[in-house]
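Notes to accompany the following structure.
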Amino acid sequence: MKFYLIDDDRNILNILKLIITNRKLGTVCGTSLSGSDALEDVQTLAPDIIIVDLLMTDMDGISFVRKAGSLLPRTAFIMLSQVSSKDMIASAYEAGVEYYIQKPVNSVEVENVISKVGRQLSMQRTIRKMQHIFMDEMPAASPEPEREAPAAIASRTVLTNILQRLGISGDTGSRDIITAVEYLLEHDGQINDMTLSELCGRFSDSPKSMEQRIRRTANTGMVNLAHLGIEDYGNEIFTEYSNTLYNFEQVRREMDYIRGKSDRHGNVKIKNFLNALVVYSQNRQ
């Protein structure tokens, strides 16, 4: 994992570099005392994570994240600041910040935040990679051997926990979601090579009804996430799943709808949602 550090206080840069190096969190590929100078560096270095101070003289951290984010769409941003204003923190998250670290810098907090962001990046990259892999048509005539019971139990536990965290485990569609994801896990596949209706047709005489239940439940999960984000942008459930199970821009659109700032709901890409659940289950068994 490559890090780029930006702060107009050289002591902060040295502290962060020591934490990252001593705790073996990754490699610091560059540092800067200026946001404007850093813009040139990061385009060349393409760091995985940029840690940037909120209040700097030449360019504030939010402006930097907006500009750098358009240049480096797959780079994650962590904001540093002594400011505790909820409006300021909300603006930072809306600009594209993944997490927020309060000054003075605490090594334990820095390590925890970096670990969370690293897991999110790994998850997003795995999902993207699997979405681009061409999948052969899944065999229907010769089912593969069933997984061992412990693996099946582990995957169901992971899925149930995620659906509980989204507040949708009690929805009828949650059972359909678990059924669909477990099928994909058993066949080592993603849903890219079939329609959702075709997948549902393997379990139900009324695939359209099952599909509608899945869509309705996944959408409810996004609405619940949007409410969490409105209440607390730093909520752990919000920051993790709004960038993996869902598209952050669509979650933010739903937040704007709830606030009355937009007349358009956010949209859920069901294939991406199910594929992400497959990856979560595979990574945590």
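Some points to look at:
- FRET efficiency estimate (nearest 0.05) - Cβ-Cβ, Thr157 to Glu198, R0 25 angstrom: 0.35
- Against the main long axis of the alpha-carbon atoms of the chain, helix 86-95 sits at an angle near 70°.
- Exposure rule at most 12 other beta-carbon atoms within 10 Å, DSSP loop trypsin sites (Lys or Arg not before Pro): the chain longest free segment: 75-260
- Rounded percent of accessible protein surface that carbon and sulfur make up, the chain, 1.4 Å probe: 47
- Helix 149-165 and the longest principal axis of the C-alpha atoms of the chain enclose an angle of approximately 60°.
- Charge dipole of the chain about the Cα centre (unit charges at C-beta), most positive-ward option of Ile258, Asn247, Met88: Ile258
- Among the listed pairs Lys24/Lys103; Lys103/Lys269; Lys67/Lys103; Lys2/Lys271; Lys116/Lys271, a Cα-Cα separation exceeding 28 Å is found for Lys103/Lys269; Lys2/Lys271.
- Pair Lys208, Lys2: separation of 7 Å Cα→Cβ label points (nm): 5.1
- Placing dummy labels 7 Å off each Cα toward the beta-carbon, the span from His227 to Asp58 is 4.6 nm.
- Given R0 = 22 Å, the distance between the Cβ atoms of Lys103 and Arg264 translates into a calculated FRET efficiency of 0.05.
- The residue among Leu277, Val223, Ser204 whose Cα reaches farthest toward the positive pole of the charge dipole of the range 191-278, with charges on the beta-carbon of Lys, Arg, Asp and Glu, is Ser204.
- Only the Cβ atoms of Lys and Arg (+1) and of Asp and Glu (-1) were treated as charged; on that basis the dipole of the chain about its Cα centre amounts to roughly 200 debye.
- With the Kirkwood sum run over all distinct C-alpha pairs, the range 203-250 has a hydrodynamic radius of 11.8 Å.
- For Thr179 and Ser85, a Förster radius of 45 Å and the Cβ-Cβ distance give a FRET efficiency of 0.50, rounded to the nearest 0.05.
- Our helix-only sum for the chain, with -39,500 (n - 2.57) per DSSP H run of n ≥ 4 divided by its residues, gives a mean residue ellipticity at 222 nm of -18500 deg cm²/dmol.
- Reciprocal of mean inverse Cα separation for the chain (Kirkwood radius, Å): 20.5
- With only Cα atoms counted, the range 1-42 has Rg and Dmax values of 10.1, 29 Å.
- Cα-centred dipole magnitude for the range 26-84, charges only on beta-carbon of K, R (+1) and D, E (-1), debye, nearest 20: 240
- Remark: spin-label model distance Arg125-Arg66 equals 3.0 nm, labels positioned 7 Å along the Cα→Cβ axis.
- 0 to 90° range, to nearest 10: angle between helix 248-259 axis and the chain longest Cα axis: 90
The values are calculated or read from the model by the stated rules, or taken from the named source; none is laboratory data. Keep in mind that what you see is a predicted model, and the values were worked out from it rather than measured. Here the Cβ is made from the backbone with ideal geometry for all residues, glycine too, and neighbour counts use every protein chain on show. Each accessible area value is taken on the protein alone, full model and side chains, heavy atoms only, with ligands, DNA and RNA left out. Shrake-Rupley method; radii C 1.70, N 1.55, O 1.52, S 1.80 Å.
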